[in-house]
Each structure stands twice: as structure tokens, then as C-alpha cells.
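Reading through the C-alpha cells given below for one structure.
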Amino acid sequence: MLSYCNIIFRYPSSSDEAAALCDVSFDVAPGTRVVVLGANGSGKSTLARLANGLLLPESGSVTVDGLRTSDENVIRELRQRVGMVFQRPDDQIVATTVEEDVAFGPENLGIQRDELRLRVDAALAAVHLTGLESREPHVLSGGQKQRLAIAGAIAMHPAYLVLDEPTSMLDPQGRADVLAIIKSLTGRDRGVLHITHDLAEVAGAESAIVLDRGHVVFQGDPLELLGEGRLLSRCGLELPPLARMAIELRRLGAPVEGSQTVATLQEALWG
Amino acid sequence: MGLIARDIGYTYSEGTDFEQSALSGVSFQVSPGELMLVVGSTGSGKSTLLRLLAGLLEPTSGALMVDGVPLSAKTTRGAVGLVFQDPESQMFAETVLDDVCFGPRNLGVSDSDLHVRAEEALSAVGLDPDEYGARSPFGLSGGEARRAAIAGVLAMRPRYLLLDEPTAWLDASGRSAIREVVRASRNDAGVVVVSHSAEEFLGEADGLVILSEGQIAFSGTARDAIDDPAVFHRAGLQPPEILAVLQGARDRGFDLPELTLDPVCAAQLLEKAGAWLR
């Protein structure tokens, strides 16, 4: 379990006294995807950086399968269990070919050649980049680069993945591709903490959390969240047009259950 | 009056082994008060078109005119304002007010006029000059910084305003603030918005141009495109999602003569057409 327990966090340099995170508690269980939503400045990225001890809470604790991020003796092991993927794909590329980039992390763990090959191949297959092994990363599209960053993280075999706005800098196709990959990542008991400001991305998640200026203002079923129009707009979030259409369809008696993709909405209407 | 492109083309590295055509045979017009939306996927020539319209590149064929004068780096000065993608990364002054003054100062606007213009521009983008003018551009949120950057271009009082992906990377409140700015800018200028998706601006655009592989795949009114979302598919793009659902109903034989981008109206259209099994 990746557990946030009564977290309070304040940036030392911040001019105001307000905490970036205020009494935040939640768990990410293995095999589930938890989506954290919030506007710019809500504290989402702070949450991501707390997951593997890049930041430490002022009070409260973050634990990963019982290991505490504030315990220096376990931080190495803890960081192997938590993979991180950030917003800007270009900032996460370290090598000159796709396969070397994926191999970089596990190689540093001392993984041997044969096993390394297996891991790289499996990770690239998982993000649908098989065949591009010898490409130079800089020629990839934004979506491909972000999938490469995800491959690099999963090649480390982390128990949890933390994704901080992984789609926000991508075009619609890249976004759709990366989102499909993210939804497939919870297999094999991997827990995923998915941070985003795009409400369309909660579809299919086990749990949703909404942050507003450091406070948790919603925690629960993603479908229920989509019905909370007023809360969402107060938090600077916006229901995608398709979700608003789905809500109106449901109100008019159509057999629509919070469907959010064009395909699932059409299937609900016409089978 | 108008910013007019007649059959323009642009070839990079023309006459060398690296010659590559980015744009060909593009005709296009925007008049003051109009909002034109240009969409296309990565590599479709959108950015090249924007640079041509801004006078940053000269077309290798065809002609560009701005209000009846051939367009050049000189004639676009002050007449055409371009807001790049990620403009906030190009802010550098110590205060927001100084940053907004930079463009008009370079145009030779007198000091007494400068502040009037800057304050007007900041107000136009919804940033109170008294509150924001003295702040550092680097302490602004994403949406505020983007608006301040747009104010810097508005302060030059361009007759045509070109915006490259103006809502990219912003959250919902930032996006709706920018949509508001675009709406307001049309009072004084012709506006061209370039984007990889029609989702955000099609509802308020007058005209739509779809670019595909450097050529115009569709050119018409936004209304035409809303009523016939197949124009997006033909150009290899996804239509806005609501239109895709409505088009799906049409494909199944339901009678929907006019389509809409409004989510509530769209649901009602489907109900009226009896478009689901009860």
C-alpha cells in the first residue's frame, strides 16, 4: 500500500502561511488507479513529490508497503518501489537510443544482461514502442516520448507508479495513446497514482480525489464525482462537453451510465 | 480590409537537396471582427502558416496582403501580433507592466502613451493593472502568465491577432479566461487561432480551415463544419466529441438535419430524434 497519512506540507520559501497540503490522507492499493484532480496550484504536484521522499511532510507520514519516506535507511529500497513519470517528456530522456533509455534505470540497479534485455523488451511492448528500439528519442513524437518515460519507469519493476500530469503537454492523439497505456498499468498488482487536471481521465479509475488549495474536497467514486458539477467548477475543474452531454442524456432517461468516450456513449445508446 | 493569403506556399531550403514543401496553394482571409480557426495535426503546416501571416517568413509562392498593402516584415510591424505557443516562457522583464510595455516601446510609442496602453491591455485580458502591474511575471499562475503575455501583444494594438495553441497546458479556469480574451479581442481585431483540435474554439469561430500535409483540406464556415463533421474525418482529424456522437446517430439513420456543439442541446436533439431504445 502507498499511504498518505494526515499530511501537512508547507514550502519553506512561500510568502504566505497557507500550507500547500493540509491534512491529506488516502491510500493507493496494489492493482488500483487513484486519480488526483485539482486546478493549477491545488497541491497535486507536491503530492507526487512526497511519494518517494523528494519532499518530506511537515507532519504526518507517507509510507510505501510500510517503509517511511522520512527513514533514510530505507529510502533506496523505497525509491525502487515507486516509479515516477513527470509532465515534460523531454526532461526525462537520458540516453541516445530508445532501448538504452529504458535500460538506464535497471542497469543502475545492477540487473544482468539477459534479464535486462527481457525487461527492456517487456517494458517497450507494454507501451507499444516495440520496433523503435534503436531510434533516437528526440525524433519521437511527444506521446511516444511520454510512453518511453513510462517504459523506463516500469522497467524498474516498481510496485507503484506516480504519474504527474503525464498527458498535459500532448496533442489529442498522444494523449489518447498515453491514457490507454496508463489504464493498462494497474495489471500485475501495480498501484497507480495518477495526477491530472483533466476530468476526462478519471474514467475507469477505482477512486478519485479532488484537491482545492491543499485540501481534499472530494474522495470517492469517480462516477459520483462527475455528478458534482458545482463542486468541480468551484475547484477550477471543468466537465468535458461529452460528460455534460452524458449527464443530460441520463436526465432525459437514456440508458447512459456515466459513459465518457464517444465509443462507450454510442454503445450505451445503440448497443 | 483584411489579412489575405492568396495561393501561398512555402518550401524550406528551396533549391537545395533538403528542399521540403511545408505549405502549398493556401488561400485564406480574415477580416476585423472575425475569428478564424485553423486546425491540423502535427506537421500539417499550421505553424508555417502562422509565421507567414506574421511576416516572419516570406512565402516562396503566392501573395500576402494586410489591409490592401503587400505584407512584409515592415508592414506587419504593429499591424499583426503573434502570440507564440508557451508565450510565458518568453517573458523577461522585472514586472508585468514592464513586460507588457516592451512591444509598444519598440514601436516608438511615447512614454505617456505606454502606460495607458499597457493598463488597457492588462484590463482587456482580465488582469487588474493595479494588482498585477507591479508583480514579477515569474510569480504568476499558468493562466495569468499566458494572459499577461497576450496583453503584451495587445498593447501593440494589432489589427490582426494570431494565437498559436492559446489554451495548451492550462487548466479549466485558465482556458476559460483565455476564451474570454479571444472573444473580447474580436471587438477590435481579426483573430486567427491555430490549434491541433477544433474542440475548444469551433463554437465561436466564424470560419474554419483544416490543414493536412501542407494543403487546405477544408475551408468554410464553422457552421458548415458543425453540420457535416465528416469534413474532419476526411482530413484525418477527429471531430469534436459531441459531433462524433451526433454523427453516429445520423449514421444509424436518425434524422438530425442540424448539429450543435452545446452538450445539453445535443442530448435534446438525440431525444427529439428518438435516438435511443426505450
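Answer yes or no: is there a residue in segment B:163-181 that is modelled with pLDDT of 90 or more and over 28 Å from residue B:28 (Cβ atoms). Within segment B:163-181, not a single residue is modelled with pLDDT of 90 or more and over 28 Å from residue B:28 (Cβ atoms).
Table: residues versus (1) within 14 Å of residue B:214 (Cβ to Cβ); (2) outside any strand (DSSP E or B); (3) in contact with a Cys (Cβ under 6 Å, 6 or more places away or on another chain).
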{"position": "B:28", "(1), (2), (3)": "yes, no, no"}
{"position": "B:43", "(1), (2), (3)": "yes, yes, no"}
{"position": "B:50", "(1), (2), (3)": "yes, yes, no"}
{"position": "B:55", "(1), (2), (3)": "no, yes, no"}
{"position": "B:59", "(1), (2), (3)": "yes, yes, no"}
{"position": "B:65", "(1), (2), (3)": "no, no, no"}
{"position": "B:85", "(1), (2), (3)": "no, yes, no"}
{"position": "B:93", "(1), (2), (3)": "no, yes, no"}
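Could you go through segment B:190-201 and let me know if any residue there is within 12 Å of chain A (Cβ to nearest Cβ), among the aliphatic types (A, V, I, L, M) and out of contact with any Ser or Thr (no Cβ under 6 Å at 6 or more places or on another chain). Yes, there is a match, as at least one residue in segment B:190-201 is within 12 Å of chain A (Cβ to nearest Cβ), among the aliphatic types (A, V, I, L, M) and out of contact with any Ser or Thr (no Cβ under 6 Å at 6 or more places or on another chain).
Screening residue B:217 on (1) within 14 Å of chain A (Cβ to nearest Cβ); (2) touching a helix residue (DSSP H, G or I) at 6+ places or on another chain (Cβ under 8 Å) shows it passes everything except condition (1).
Go through segment A:136-169 residue by residue and tally those that are in contact (Cβ under 8 Å) with a residue 60 or more places away in the chain, within 23 Å of residue B:85 (Cβ to Cβ) and in contact with a Ser or Thr (Cβ under 9 Å, 6 or more places away or on another chain). The qualifying residues number 5.
Scanning segment A:156-175 for residues that are outside any helix (DSSP H, G or I) and out of contact with any strand residue (DSSP E or B) (no Cβ under 9 Å at 6 or more places or on another chain), we see that the one that is farthest from residue B:238 (Cα to Cα) is A:169. Is segment B:246-255 home to any residue that is surrounded by fewer than 18 Cβ atoms within 10 Å (Cβ to Cβ), more than 22 Å from residue B:39 (Cα to Cα) and either within 9 Å of chain A (Cβ to nearest Cβ) or among the aliphatic types (A, V, I, L, M) (or both)? Yes, because at least one residue in segment B:246-255 is surrounded by fewer than 18 Cβ atoms within 10 Å (Cβ to Cβ), more than 22 Å from residue B:39 (Cα to Cα) and either within 9 Å of chain A (Cβ to nearest Cβ) or among the aliphatic types (A, V, I, L, M) (or both). Anything in segment B:26-55 that is farther than 22 Å from residue B:222 by Cβ and modelled with pLDDT of 90 or more? List them, or say none. Those that are farther than 22 Å from residue B:222 by Cβ and modelled with pLDDT of 90 or more: B:48, B:51, B:52, B:54, B:55. Per the conditions (1) more than 10 Å from chain A (Cβ to nearest Cβ); (2) crowded, with 18+ Cβ neighbours inside 10 Å; (3) in contact (Cβ under 8 Å) with a residue 24 or more places away in the chain, the sole criterion not satisfied by residue B:258 is (2).
Being at pLDDT 95 or above, within 11 Å of chain A (Cβ to nearest Cβ) and crowded, with 21+ Cβ neighbours inside 10 Å: is that true of residue B:243 here? For residue B:243, the condition - at pLDDT 95 or above, within 11 Å of chain A (Cβ to nearest Cβ) and crowded, with 21+ Cβ neighbours inside 10 Å - is met. Across segment A:221-242, the number of residues qualifying as at the interface with chain B (Cβ under 8 Å from one of its Cβ atoms) and in contact (Cβ under 8 Å) with a residue 12 or more places away in the chain comes to 5.
The values are calculated or read from the model by the stated rules, or taken from the named source; none is laboratory data. Every value quoted in this text rests on a predicted model; they were computed, and no experiment measured them. As a convention, Cβ positions derive from the backbone with ideal geometry for all residues, glycine included, and neighbour counts pool all protein chains shown.
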